[in-house]
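Peer 1: Dropping the structure in here first, questions after.
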């Protein structure tokens with residue numbers, strides 16, 4: 001039983017050869033691919049460091065917060081933003097290749113323009129430090145308003 | 001993820017402060033753990049003192065030791081949205097209900113999860129001062 005492969009693609013894909021690599025290249029939207037190759041690519045000069053403040057624009061409104069973790073898994077790369085909303089800490093985890101993410105804006109970068117460089121890759125300790133979070137959340141609010 | 005003995009803050013103006021879960025009202029086959037949007041039975045562990053004037057009037061008086069129904073509005077355990085996002089709050093919170101699944105109090109203080117809307121508690125979600133509007137509304141087919 002032979003099936004047709006779309007133009008320009010090798011027929012070895014039907015046998016499963018290099019299938020995951022092909023999917024990693026073609027499944028994400030171009031916007032997501034640029035995100036993956038710039039902001040979330042550790043070898044790119046513009047990559048975001050944990051501790052930066054990002055704003056993600058979603059179809060239902062923006063969510064801004066400090067980047068506390070990046071989970072690098074190629075196409076499944078995800079990142080977590082933390083913010084304090086009405087005295088309650090809220091964390092949201094996004095997939096970089098999610099088609100819902102219209103835009104990721106960097107409000108402030110860690111280590112640049114007076115922003116502190118974080119000495120950790122995962123900033124889960126911020127969950128226990130409300131003092132640091134209030135300072136960050138007020139800055140986020142001011143910047144995103 | 002709130003089950004038996006799980007404590008949560010009550011974020012409406014009923015007077016209750018902290019409640020403890022006693023039962024999760026779901027199908028008997030599902031495990032007795034509740035998440036955002038689930039109705040649970042709670043015991044009030046701590047409540048605001050009721051002033052003399054309030055005690056005389058017809059305002060709802062919630063006392064320590066009362067057993068009420070409640071709906072979970074925030075969980076510390078992350079909850080997945082249908083689009084793959086996860087949202088997690090810093091505490092567990094609930095809102096008291098009466099037997100008719102209506103709000104016992106009149107106001108809700110604090111953020112609630114938008115997952116409430118998806119589970120049919122749109123009224124409570126709309127009462128909250130700033131609902132987490134970060135949910136994916138499925139397009140109608």
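The values are calculated or read from the model by the stated rules, or taken from the named source; none is laboratory data. Note that the coordinates shown come from a computational prediction; the quantities given were computed from them, not determined experimentally. Every residue, glycine among them, receives a Cβ derived from its backbone with ideal geometry; neighbour counts consider all protein chains shown.
Peer 1: Which one of the conditions (1) modelled with pLDDT of 90 or more; (2) under 19 Å from residue A:88 (Cβ atoms) does residue B:65 fail to meet, given that it meets all the rest?
Peer 2: (2)
Peer 1: Condition first: in contact with a strand residue (DSSP E or B) (Cβ under 7 Å, 6 or more places away or on another chain) and within 30 Å of residue A:21 (Cβ to Cβ). Now tell me which residues in region A:93-112 satisfy that.
Peer 2: Kept after step one, since they are in contact with a strand residue (DSSP E or B) (Cβ under 7 Å, 6 or more places away or on another chain), are these residues of region A:93-112: A:93-96, A:100-110.
Correct list: A:93, A:94, A:95, A:96, A:100, A:101, A:102, A:103, A:104, A:106.
One line per residue, one yes/no per condition, for (1) closer than 15 Å to residue A:40 by Cα; (2) without any contact (Cβ under 8 Å) to a residue 60 or more places away in the chain; (3) surrounded by fewer than 13 Cβ atoms within 10 Å (Cβ to Cβ):
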site: A:80; (1), (2), (3): yes, yes, no
site: A:88; (1), (2), (3): no, yes, no
site: A:91; (1), (2), (3): no, yes, no
site: A:97; (1), (2), (3): yes, no, no
site: A:119; (1), (2), (3): no, yes, yes
site: A:124; (1), (2), (3): no, yes, yes
site: A:129; (1), (2), (3): no, yes, yes
site: A:136; (1), (2), (3): no, no, no
site: A:142; (1), (2), (3): no, yes, yes
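Peer 1: Hey, another quick one. Output the residue which, of all residues in region A:113-124 that are in contact with a strand residue (DSSP E or B) (Cβ under 9 Å, 6 or more places away or on another chain) and away from chain B (no Cβ under 14 Å), is modelled with the lowest pLDDT. Give the derivation first.
Peer 2: At the first step, the residues of region A:113-124 found to be in contact with a strand residue (DSSP E or B) (Cβ under 9 Å, 6 or more places away or on another chain) are A:114-115, A:118, A:120-124.
If we keep only those that are away from chain B (no Cβ under 14 Å) as well, we get A:114-115, A:118, A:120-123.
Values: A:114: 72, A:115: 76, A:118: 91, A:120: 94, A:121: 95, A:122: 96, A:123: 95.
Restricting to residues being in contact with a strand residue (DSSP E or B) (Cβ under 9 Å, 6 or more places away or on another chain) and away from chain B (no Cβ under 14 Å), the top hit is A:114.
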